[in-house]
Amino acid sequence: MKDRYDVLVIGAGPAGSIAAKTAADKGLTVLLIEKRQEIGDPVRCAEGVSKEHLKKHVEIDKKWICADLKGARIYAPDGTKIEMAEEIAGGEVGYVLERKIFDRALAEKASKAGAEVRVKTRAIGLIIEEDFVKGARLMQLGKEYDVHARIVIGADGIESKVGRWAGIDTSLNPIDIETCVQYLVAGVDINQEYCEFYIGNDLAPGGYIWIFPKGEGKANIGIGILGSKMGKFKPRPVDYLNSFLEKKFPHAKVVEMVFGGVPVSGSIEKTSTNGLILVGDAARQSDPITGGGILNAMDVGKIAGEAAFAAISAGDASNEKLEEVYEKRWRSTIGHAIDLSLIVKNCFINLNDADLNALAFSLKDVQFERMSLLDLLHALFKANKKLLWDLRVLFKDAAKEVVKSKM
Amino acid sequence: MLVSININRYKCGYCGACVGVCPKGSLELVETWVEVDENTCMTCGICDRICPVGAIEVTK
Ligand SMILES: Cc1cc2nc3c(=O)[nH]c(=O)nc-3n(C[C@H](O)[C@H](O)[C@H](O)COP(=O)(O)OP(=O)(O)OC[C@H]3O[C@@H](n4cnc5c(N)ncnc54)[C@H](O)[C@@H]3O)c2cc1C
């Protein structure tokens with residue numbers, strides 16, 4: 001078996017597969033490993049993505065689309081509804097994916113581009129020589145061996161160890177993680193064109209409940225709770241979700257269970273070092289307010305693949321080179337959106353239900369043209385001069401960001 | 001020393017959230033179960049606190 005590659009990618013989620021594909025497209029030799037025996041399974045995701053954004057990466061294939069979304073509805077604790085729908089041709093703004101199929105399709109694209117894929121192959125440590133990451137020790141079907149690479153890309157998700165092995169502390173504090181449970185339910189009468197969000201401190205402390213349609217009377221109904229609002233003797237996400245379902249969908253049949261954690265820490269200080277790049281959830285690049293991470297993982301996966309090529313072409317995989325070709329590029333693009341979201345998250349987790357109700361009430365009749373956080377914030381500021389004055393300490397930084405990006 | 005972290009693998013959904021919060025990197029998600037390195041685990045209990053289903057019990 002070959003044991004030397006230009007690039008070794010650890011983890012075949014969206015981040016790893018896109019990084020591997022990008023690097024292979026550039027002509028590099030690439031090994032993509034995945035510890036699970038089946039890529040994409042079990043799922044740890046609600047599977048919602050923006051349509052336009054996804055199209056930047058792949059051609060849409062009906063095989064992995066479960067539902068087309070027209071818009072979103074957000075419900076405040078008192079039931080006040082905010083509706084965000086885009087009136088554009090065709091009317092669809094988002095998709096609910098079938099990630100089991102989607103993730104595998106992405107890995108296949110990497111393979112078609114020339115990358116070698118090995119499943120049931122787990123990285124168990126890094127090869128580090130003279131302070132440079134030079135490869136990793138792998139275990140496949142119980143057998144251990146080394147693979148050397150000029151650059152290692154750690155795309156190993158929420159449970160990432162790759163960064164830590166190289167001295168980058170990626171451990172999350174409780175306030176940096178949403179912990180989630182989701183059921184795929186069948187036999188429910190759910191509008192298949194809208195995703196829904198329920199917020200409130202009794203419903204989902206520091207997080208929200210979501211309903212994402214999955215076609216034919218099915219939906220992903222899940223909850224995320226902020227780790228810092230949890231405790232050994234408090235109800236768990238699974239308890240909150242069960243009571244929500246009992247109340248709203250007593251007849252729903254649970255046909256699949258999903259568990260998971262999403263990083264909501266915002267950008268971490270370092271995502272690369274000599275010979276190593278971290279990407280996707282492993283680099284904590286998911287959105288701190290929505291918890292969305294698929295498209296971020298793909299965006300940065302692409303940057304990581306290009307960065308690996310740039311560094312290898314220059315014969316320089318040092319920390320300094322990777323700062324220039326990787327860190328700078330992702331921080332100046334997607335990094336900004338993540339920073340704004342972190343500010344907003346830090347505001348919202350401190351609001352009580354009365355505040356949330358008041359904010360929602362102020363937006364109740366607003367017609368949104370785009371389904372974006374920025375537009376939502378802009379509308380909030382316009383409608384709530386007085387309220388926001390009271391909350392100015394919380395919202396000061398967010399306001400600055402909105403003003404900046406609207407100019 | 002008494003074993004003071006106990007992971008109920010019949011309850012665990014092997015999602016890896018606990019691995020992400022472990023300050024010591026003492027947990028490892030191996031496909032369908034979580035392994036604990038008892039030499040480095042300091043039984044801080046963060047994993048117990050954030051587990052979405054309550055599959056981890058840390059007693060001090
Ligand atoms: C309940 C829930 C709902 C979510 N809903 C949404 C949503 O609606 N929309 C959205 O955009 N995002 C959502 N997210 C976030 C999204 O799932 C992640 O951000 C996304 O999967 C990140 O992609 P990734 O490639 O970085 O990591 P992952 O998809 O987690 O892939 C990492 C891969 O690395 C593998 N791996 C780990 N360690 C090793 C190792 N040592 N050796 C080999 N392989 C290894 C893992 O098995 C895994 O396959 C949700 C997350 C959760 C938990």
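Taken together, the values in this text are just the output of simple stated rules run on the coordinates, not laboratory data. Just so it is clear, the model here is predicted, and its values are computed rather than measured. Neighbour counts are summed over all protein chains in view; Cβ atoms, including those assigned to glycine, are modelled from backbone coordinates with ideal geometry.
Measure of size requested: the Rg and Dmax of the range A:1-58, with Cα atoms as the atom set and Å as the unit; please supply both.
In order Rg, Dmax, the Cα atoms of the range A:1-58 give 13.5, 41 Å.
Evaluate the charge dipole of the range A:96-242 about its Cα centre and quote only its size in Debye, nearest 20, assuming +1 on the Cβ of each Lys and Arg and -1 on the Cβ of each Asp and Glu.
On the way: 20 positive and 20 negative charges, 94 e Å.
Computed charge dipole of the range A:96-242: roughly 440 debye.
Which translational diffusion coefficient, to the nearest whole µm²/s, is obtained for the range A:276-368 from the Stokes-Einstein equation, given a Kirkwood hydrodynamic radius over C-alpha pairs, 4 °C and 1.567 mPa s? Show your work: numbers first, answer last.
Working: Rh = 15.3 Å.
D, rounded to a whole number, is 85 µm²/s.
Place the peptides A:357-370, A:217-230 in order of packing, highest mean first, counting for every residue the other Cβ atoms within 10 Å and averaging per peptide.
Listed from highest to lowest mean packing, they are A:217-230, A:357-370.
Can you give me the P(r) profile for the range A:76-228? Cα pairs, bins 10 angstrom wide beginning at 0, each as a whole percent.
Reading upward from the zero bin: 9, 23, 27, 23, 14, 3, 0.
In cubic angstrom, how much convex hull volume per residue do the alpha carbon atoms of the range B:4-59 span? Write down the numbers at each step before the final one.
Details: hull volume 3.7 nm³, N = 56.
Once divided by residue count, the hull of the range B:4-59 is 65 Å³.
Against the longest principal axis of chain A, how steep is helix A:294-313, in degrees 0 to 90 to the nearest 10, with axes from Cα atoms?
The two axes meet at around 30 degrees.
Helix A:334-348: angle to the longest alpha-carbon principal axis of chain A, degrees 0 to 90, nearest 10?
With both axes taken from Cα atoms, the answer is about 40 degrees.
Mind scanning A:LYS270/A:LYS321; A:LYS214/B:LYS11; A:LYS218/A:LYS253; A:LYS120/A:LYS270 and naming the pairs with a C-alpha gap bigger than 20 Å? Don't jump to the answer; show the numbers that get you there.
On the way: A:LYS270/A:LYS321 14 Å; A:LYS214/B:LYS11 26 Å; A:LYS218/A:LYS253 9 Å; A:LYS120/A:LYS270 29 Å.
Going by Cα-Cα distance, A:LYS214/B:LYS11; A:LYS120/A:LYS270 fall outside the 20 Å limit.
Hey, what angle do you get for helix A:392-406 against the long axis of chain A, alpha-carbon based, 0 to 90 degrees rounded to 10?
Approximately 70 degrees, to the nearest ten.
One-quarter of the Cα convex hull surface for the range A:1-121, in nm²? Please list the in-between numbers first.
Working: hull surface 37.6 nm².
Seen from a random direction, the Cα hull of the range A:1-121 projects 9.4 nm² on average.
For chain A, what is the calculated [θ] at 222 nm in deg cm²/dmol (nearest 500), taking -39500 (n - 2.57) for each run of four or more DSSP H residues and dividing by its residue count?
On the way: 13 runs with 134 residues, N = 407.
Value at 222 nm, helices only: -10000 deg cm²/dmol.
Taking amide H positions as placed in the peptide plane 1.01 Å from N, state which residues far from A:ILE127 in sequence (5 or more) or on other chains have amide H under 5 Å from it.
A:LYS134, A:GLY135, A:ALA136, A:ARG137
Which percent of the Cα-Cα distances in the range A:113-168 go past 18 Å? All intermediate terms of the calculation are to be shown ahead of the outcome.
On the way: 501 of 1540 pairs.
Of the Cα pairs, 33 percent sit more than 18 Å apart.
Report, to two decimal places, the Cα Rg of the range A:128-203 normalised by 2.2 N^0.38 Å (N = number of residues). Don't skip to the answer; put the middle values down first.
Values: Rg = 20.5 Å, N = 76, 2.2 N^0.38 = 11.4 Å.
Ratio of Cα Rg to 2.2 N^0.38 Å: 1.80.
How large is ³J(HN,Hα) for each residue in the range A:41-47, as worked out from phi by the Karplus curve 6.51 cos²θ - 1.76 cosθ + 1.60 (θ = phi - 60°), to whole Hz, x for Gly and Pro?
So the J values, rounded to whole Hz, are 9, x, 6, 10, 6, 8, 6.
Using a 10 Å cut-off around each Cβ of peptide B:43-55, what is the average number of partner chain Cβ atoms that fall inside? Could the numbers behind the result be given before it?
Working: counts 0, 0, 2, 6, 0, 3, 9, 16, 9, 20, 8, 8, 2.
Per residue, the average neighbour count from other chains is 6.
Are there trypsin sites (Lys or Arg not before Pro) in the range A:1-90 that DSSP puts in a loop and that have at most 11 other Cβ atoms within 10 Å, and which ones?
Numbers: sites: A:LYS2, A:ARG4, A:LYS21, A:LYS26, A:LYS35, A:ARG36, A:ARG44, A:LYS51, A:LYS55, A:LYS56, A:LYS62, A:LYS63, A:LYS70, A:ARG73, A:LYS81; in loops: A:LYS2, A:LYS26, A:LYS35, A:ARG36, A:ARG44, A:LYS56, A:LYS70.
Here the sparse-neighbourhood loop sites are A:LYS2, A:LYS56.
With a bin width of 10 angstrom, please list the P(r) values of the range A:323-384 as percents of all Cα-Cα pairs, from the 0 bin to the one holding the largest distance.
Answer for the range A:323-384: a P(r) of 18, 41, 25, 12, 4 percent.
Using alpha-carbon pairs under 8 Å, 6+ residues apart, how would you state the relative contact order of chain A in percent?
Details: 894 pairs, mean separation 81.5, N = 407.
Result for chain A is 20 percent.
What base-10 log of the normalised intensity I(q)/I(0) is obtained for the protein assembly as shown from the Debye formula, alpha carbons as equal point scatterers, at q = 0.07 Å⁻¹?
For the requested q values the scattering log ratios are -0.35.
Could you work out the percent of alpha carbon pairs in the range A:178-275 separated by over 23 Å, rounded to a whole number?
Working: 1480 of 4753 pairs.
Taking all Cα-Cα pairs of the range A:178-275, the fraction more than 23 Å apart is 31 percent.
Only bridges whose two residues both fall in chain A count here: according to DSSP, what percent of them are antiparallel, nearest 5?
Details: 56 of 77 bridges.
So the antiparallel bridges in chain A amount to around 75 percent.
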